[in-house]
Each structure stands twice: as C-alpha cells, then as structure tokens.
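Contents: one structure, followed by commentary.
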Amino acid sequence: MSSASASDPYAAVRAVCRHHAKSFYFASHFLPKDKRRHAYAVYALCRRLDDAVDEAPDVGAACGAVADFGRLLDGVYDDKPLDDPVAEAARQTLSTCDIARTLFDDLAAGVETDLTVSRYADWPTLEQYCYLVAGVVGLMMCGVFGVTDPAAKQHAIAMGNAMQLTNILRDVKEDWRRGRLYLPADELLRFGITENDVDAFSHGRAVNDEWRRFCSFQVGRARSLYGEGFAGLGYIPLDGTRQTAAIMAVVYGGILDAIEAADFDVFTERRRLSLWQKLRRVPGGLRLARRTQEFDSATSRFS
C-alpha cells in the first residue's frame with residue numbers, strides 16, 4: 001500500500017479503475033468529482049471479489065475467497081474506519097450512497113456460480129447470470145448517480161445485462177479455453193453450432209455461416225438490451241452523470257460494431273475499440289444525453 005493510498009483511499013480505487021476498467025475510466029471524467037470517487041470505490045470493491053476468485057488456486061480456495069468477501073462487506077457496512085484502502089473508500093462511499101448490501105451479495109452469488117456452472121441451457125438462465133454479475137452493478141450505479149425513481153431500475157439492469165452480453169460475445173475464445181461457454185445451448189443447437197465447432201473456431205478454423213447467423217442474433221439481442229437501457233437515461237441527473245452513462249453505453253456498444261465489422265469472427269482476435277475510436281463516439285453519447293432532456297419519466301418515453 002503506497003503512502004498516497006494510505007492517506008487518501010480514493011487514490012487507490014482510482015488506480016484500480018484506471019488499470020482494469022479502461023472504458024469506464026474514459027467515460028468517468030464527465031462525472032462530478034464526488035460521484036466519480038464513489039463510482040471508483042464501488043468498482044474497486046467489485047473488482048476485489050473478481051480478482052480474489054480468479055487468483056485462487058482451486059475451487060475450495062475460490063469458495064473461501066467468496067466467504068472472505070462477505071466478511072469484508074461486514075466491515076464495510078459496519079461503518080467503522082478500515083485499514084484496507086479499497087475497503088475504506090467503499091465504506092466512505094456506502095455511508096453516503098444508498099446501495100443495498102444485498103446487491104453485493106447477489107454479485108458474490110454470481111461470481112460463485114462460475115465455480116460450478118460452465119454451460120447455460122437457454123437465454124433465461126444466462127440472463128439471470130448476467131443480472132447477478134452485471135445487472136446488479138447497474139443498480140449499484142443508481143445509488144452512486146443519485147437515481148431514486150424505482151422505474152429506473154429495470155433500465156439499469158438492462159444496461160448492465162447488455163454490457164455483460166457484449167463481454168460474453170467478445171470473450172468466447174478466452175472463456176472456452178477456461179472451460180466455459182456462456183452461450184445459450186438451445187440457441188447454438190437451433191443455429192447448427194456444436195461445442196466441437198466452438199473448439200475448432202478457437203483453434204483456428206474459420207467461422208462458418210451458421211456461426212455468423214448465431215452471433216448476429218446475439219448482437220441484435222444485446223442492442224435491444226442497450227435500447228432498454230437508453231430509455232432510462234432520462235432518470236439520471238444532467239450534471240455530467242447522464243453524459244457519463246450515455247458515453248459509457250455508446251463506447252461499450254461499439255464493441256458490437258467491431259464484432260459485426262469483423263464478420264462476427266470473435267476468435268481471430270479480441271474485438272475492442274482503440275482510444276481514437278472511443279473518442280469518436282463521445283459526440284454521439286453527448287447527443288444522446290441531451291436528447292433525454294425531453295424524457296418523460298411518467299411515460300418512459302421521449303417527447
């Protein structure tokens with residue numbers, strides 16, 4: 001722990017976010033200072049759980065890491081000063097922002113699912129997983145962003161789920177090599193894709209038309225979820241916070257464009273946006289945020 005982190009725990013969580021969450025860190029500069037610090041603290045706390053499980057040498061140790069995270073949450077929500085800079089930043093944030101402990105418990109349950117579940121039968125079961133590991137983060141951000149209208153929650157969940165599905169499509173090869181396949185088995189079958197095909201694609205065989213049709217269908221689903229998320233932007237304060245959420249969404253959604261531009265080949269290389277490509281999407285995000293000034297929260301529509 002550096003002396004800077006010891007004196008200012010928010011310096012520690014900022015460093016975590018800058019290193020691990022480049023797209024969010026990029027968009028976060030539009031946030032008011034306090035909200036930005038709180039967003040970094042929430043992200044770093046969630047990251048603590050991910051890293052602890054990923055670095056565990058075996059399933060037993062990973063389960064122990066999840067239990068340790070629960071005890072860490074006990075300390076964070078106990079609202080007494082902590083020596084750990086990430087935990088201390090989270091404690092300070094959670095004493096200010098209204099974020100229920102149950103959301104972090106749901107996140108832990110989702111991460112723990114990865115220890116025992118490596119296949120998903122259909123979209124509803126995969127969607128539930130997306131909720132546990134990402135939709136709940138959308139709800140956490142409602143607390144950070146100052147969103148209080150209950151009607152906003154489903155939009156926040158949809159946005160989190162959209163981003164997780166984007167991650168899944170981007171990382172098929174990486175996940176497969178770790179023994180996991182986060183794709184609906186019934187839909188793979190419907191489009192004529194077997195696990196042997198996924199293995200062959202991951203080892204250099206060119207993707208076929210069946211995969212392109214399947215992946216195009218999933219990209220369309222993700223875009224539909226982004227649309228549901230966009231419809232909730234009007235609930236977010238227009239103090240830089242809404243701009244951040246909009247930019248984050250259009251930047252992350254740009255990964256889908258990159259996948260589509262590669263003719264749905266997510267195996268040859270990991271599809272992502274360069275810094276320049278992210279910058280080019282900022283004006284679109286700002287336009288989207290301005291558009292929501294005419295959002296009617298009573299009807300959940302743009303006027």
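Mind listing whichever residues of region 267-293 are closer than 30 Å to His203 by Cα, in a helix (DSSP H, G or I) and of a type in the set (S, T, N, Q)?
Listed by number, the list holds a single entry, Gln277.
What pairs come up if the first residue lies in region 145-172 and is in contact (Cβ under 8 Å) with a residue 60 or more places away in the chain and over 20 Å from Gln128 (Cβ atoms), the second is among the basic types (Lys, Arg) and outside any helix (DSSP H, G or I), and their beta carbons are under 9 Å apart, counting only those six or more places apart or on different chains?
If the second residue must be among the basic types (Lys, Arg) and outside any helix (DSSP H, G or I), the pairs left are Arg170/Arg270; Arg170/Arg271; Arg170/Arg272.
Ala134 passes all but one of (1) farther than 24 Å from Arg242 by Cα; (2) free of Cβ contacts under 8 Å to residues at least 40 places away in the same chain; (3) open to solvent by less than 20 Å² (accessible area, probe 1.4 Å); which number fails?
So the condition that Ala134 fails would be (1).
So, in region 146-174, exactly how many residues are part of a helix (DSSP H, G or I) and open to solvent by 20 Å² or more (accessible area, probe 1.4 Å)?
Matching residues across region 146-174 total 13.
Of all residues in region 105-121 being within 12 Å of Leu181 (Cα to Cα) and of a type outside the set (Val, Ile, Thr), which is modelled with the lowest pLDDT?
Asp114
For region 30-41, which positions are under 17 Å from the mean Cα position of the chain (by Cα) and either among the hydroxyl-bearing types (Ser, Thr, Tyr) or surrounded by fewer than 22 Cβ atoms within 10 Å (Cβ to Cβ) (or both)? It would help to see each step written out before you state the result.
Residues of region 30-41 that are under 17 Å from the mean Cα position of the chain (by Cα), as a first pass: 36, 38-41.
Result: Arg36, Tyr40.
With respect to the numbered conditions (1) at positive phi; (2) surrounded by 13 or more Cβ atoms within 10 Å (Cβ to Cβ), which one is the sole condition not fulfilled by Gly179?
(2)
Of the residues Ala15, Ala89, Ala62, Ala27, which single one is on the phi < 0 side of the Ramachandran plot, part of a helix (DSSP H, G or I), within 16 Å of the chain's Cα centre (by Cα) and not charged (D, E, K, R)?
Unique residue meeting the criteria: Ala27.
Residue under question is Val144, and the condition is that it be under 17 Å from Met163 (Cβ atoms), β-branched (Val, Ile, Thr) and in contact with a Cys (Cβ under 8 Å, 6 or more places away or on another chain); does it hold? Don't jump to the end; show me each part of the working.
Details: under 17 Å from Met163 (Cβ atoms): yes; β-branched (Val, Ile, Thr): yes; in contact with a Cys (Cβ under 8 Å, 6 or more places away or on another chain): yes.
Against the criterion (under 17 Å from Met163 (Cβ atoms), β-branched (Val, Ile, Thr) and in contact with a Cys (Cβ under 8 Å, 6 or more places away or on another chain)), Val144 qualifies.
Taking the condition of being part of a helix (DSSP H, G or I), in contact with an Asp or Glu (Cβ under 9 Å, 6 or more places away or on another chain) and open to solvent by 30 Å² or more (accessible area, probe 1.4 Å), how many residues in region 205-229 meet it?
Count: 4.
Find the residue count for region 230-254, including only residues that are part of a helix (DSSP H, G or I), in contact (Cβ under 8 Å) with a residue 40 or more places away in the chain and under 24 Å from Ser274 (Cα atoms).
Looking only at that region, the number is 13.
Taking region 149-181, which residues are within 23 Å of Ala258 (Cα to Cα) and among the small types (Gly, Ala, Ser)?
Result: Ala158, Gly160, Ala162.
For region 114-130, does any single residue satisfy the condition of being under 20 Å from Tyr43 (Cβ atoms), open to solvent by 20 Å² or more (accessible area, probe 1.4 Å) and of a type in the set (D, E, K, R)?
Yes, region 114-130 contains at least one residue that is under 20 Å from Tyr43 (Cβ atoms), open to solvent by 20 Å² or more (accessible area, probe 1.4 Å) and of a type in the set (D, E, K, R).
The values are calculated or read from the model by the stated rules, or taken from the named source; none is laboratory data. Computed from a predicted model, the values in this text were never measured in an experiment. Every residue, glycine among them, receives a Cβ derived from its backbone with ideal geometry; neighbour counts consider all protein chains shown. Side chains included, ligands, DNA and RNA excluded: accessible areas come from the protein's heavy atoms. Shrake-Rupley method; radii C 1.70, N 1.55, O 1.52, S 1.80 Å.
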